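S.K.: Mind having a look at this structure? Questions to follow.
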Amino acid sequence: MTAKELLAAAAAAGCTAGLCPFEAIAEGLLPCRAASRLPQTPQTVLCVLFPYRFAGEKPQNLSRYAAVPDYHTVAGAVLEEIARSLRESDPTGVYEAFMDNSPLPEVRVAVAAGLGVRGDNGLFYSHEYGSFVFIGAIVTDRAVGATAHPPVSCPHCGACASVCPTAALSAAGVDRARCLSAITQKKGELTTEQAAALCHAGSAWGCDICQEICPLNRQATVAPHPCFTAYRPTLTIDDLEDLHDKAYGWRGRAVVERNLRLLENFQECGKNSCQNT
Ligand code: SF4
Ligand code: SF4
């Protein structure tokens, strides 16, 4: 197996991809049960990008990533298909696909593969598609080298920190406990401050505010991967009847419904109504 063949397998599935030596990210592995699937002698990571931004209307009350079909399922299936085709071409090689449920530090992998940069908001920005991409990875025991690594970095313009509604961004990095994305996923009751942040941002799931302002997204190509066949820019209570193809499905109905009820209440009753119901 060669670098060219690995990249060609991803391209055949409609994906932009890059390569990084496993040793470049080995120190940053995360505790995850899926680590048991890593090859015994991992050598290379094929990093595969799945852009998901649709043209036109921005989502009303959820993050862009949750407005498309669940990436775990649809992008995961494409990634598995790439791994299957690689095994077919190289039956003695090991090719293991990881999509989200992964011990790999995905942003670090994608940067090391030369596909983009880490922004000051901690997110990955692809040179081609900006930040609205899912990162998949296939780890192999084949050593093939790395792809070229252009010397580009986030320009540290400060725009993301200046618009963050919860002051979650600072020179120290991202305070995940304050980030609205994490707050909308939190189980149980929200604090008054958290509920107010959710209501004022108008989000039932996730937060894209620091991405929407980022200059690195302005020139990005808008071309969702074909596996994202639909786009639903508004989340409603009716969407919670069937969670199987939703990116928020893993969290269960109760949390998302609580968020939607908070927003509903806020819209009807105004600023003093940011209370858990
Ligand atoms: S808004 Fe500016 S500082 Fe923040 S990630 Fe984008 S380029 Fe970097
Ligand atoms: S996702 Fe939203 S809350 Fe989190 S850091 Fe970005 S702007 Fe702040």
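Throughout, read-outs are computed from the coordinates displayed, never taken from laboratory work. Since this is a predicted model, take the numbers as computed values, not measurements. Here Cβ is always computed from backbone atoms with ideal geometry, including for glycine, and neighbour counts include all displayed protein chains.
S.K.: Roughly speaking, what is the centre-to-centre gap between region 203-254 and region 58-110 when only Cα atoms are used, to the nearest Å?
M.R.: So the separation of the two Cα centres works out to 16 Å.
S.K.: Sticking with this one: What list of ³J(HN,Hα) values in whole Hz, one per residue of region 122-130 in order, does the Karplus curve 6.51 cos²θ - 1.76 cosθ + 1.60 (θ = phi - 60°) give from phi, with Gly and Pro shown as x?
M.R.: Working through the residues one at a time gives x, 8, 8, 10, 5, 4, 8, 10, x Hz.
S.K.: Per the Kirkwood treatment, what hydrodynamic radius in Å, one decimal, follows for region 3-140 from the mean inverse distance over all distinct Cα pairs?
M.R.: 15.3
S.K.: Just to check I understand the Karplus step: with θ = phi - 60° and J = 6.51 cos²θ - 1.76 cosθ + 1.60, what whole-Hz values come out for region 165-182, glycine and proline as x?
M.R.: Running phi through 6.51 cos²θ - 1.76 cosθ + 1.60 with θ = phi - 60° gives x, 10, 6, 7, 10, 8, 4, 6, x, 9, 8, 4, 5, 8, 5, 4, 4, 6 Hz.
S.K.: Can you tell which of TYR52, VAL74, LEU29 lies farthest toward the positive end of the dipole of region 3-140, using +1 and -1 charges on the Cβ of basic and acidic side chains (Lys, Arg; Asp, Glu)?
M.R.: So the residue furthest toward the plus end is TYR52.
S.K.: Sticking with this one: Give me the dipole magnitude in Debye, nearest 20, for the chain about the Cα centre, with unit charges on the beta carbon: positive for Lys and Arg, negative for Asp and Glu.
M.R.: With Lys and Arg at +1 and Asp and Glu at -1, about 380 debye.
S.K.: Between ARG53 and residues 5 or more places away or on another chain, which pairs have amide H atoms under 5 Å apart, with H built 1.01 Å from N, and which residues are they?
M.R.: Distant-sequence amide H within range of ARG53: ALA223.
S.K.: For LEU19, which sequence-distant residues (separation of 5 or more, or a different chain) have an amide H within less than 5 Å of its own amide H, given hydrogens modelled in the peptide plane?
M.R.: HN-HN under 5 Å from LEU19: CYS47, THR147.
S.K.: Can you tell me the Rg and Dmax of region 111-231, counting just the alpha carbons, in angstroms?
M.R.: Calculated on Cα positions, Rg and Dmax stand at 16.7, 53 Å.
S.K.: Something else about it: How large is the convex hull of the C-alpha atoms of the chain per residue, in Å³?
M.R.: Hull volume normalised by residue count: 133 Å³.
S.K.: Ranking request for peptides 59-68, 235-244, 41-50, 101-110: highest mean number of other beta-carbon atoms within 10 Å first, then the rest in descending order.
M.R.: 41-50, 59-68, 101-110, 235-244
S.K.: Sticking with this structure for a sec: Please give the Cα centre distance for region 115-138 versus region 139-196, rounded to the nearest Å.
M.R.: Centre-to-centre distance over Cα atoms comes out at 11 Å.
S.K.: Still on this structure: In degrees from 0 to 90, rounded to the nearest 10, what is the angle of the helix 253-269 Cα long axis to the longest principal axis of the chain?
M.R.: Helix 253-269 and the main axis of the chain meet at about 40 degrees.
S.K.: Take the chain, connect every pair of alpha-carbon atoms lying under 10 Å apart with a spring to form a Gaussian network, then pick out the residue of PRO215, PRO155, PRO51 with the largest mean-square fluctuation.
M.R.: Of PRO215, PRO155, PRO51, the Gaussian network model singles out PRO155 as fluctuating most.
S.K.: Write down Rg/Rh for region 219-266, rounded to two decimals, with Rg from the C-alpha atoms and Rh from the Kirkwood relation over Cα pairs.
M.R.: Taking Rh as the inverse mean 1/r over Cα pairs, Rg/Rh reads 1.07.
S.K.: Which order, highest average first, do 26-33, 256-263 follow once you tally other Cβ atoms within 10 Å for each residue and take the mean per peptide?
M.R.: Averaged packing, sorted descending, gives the order 256-263, 26-33.
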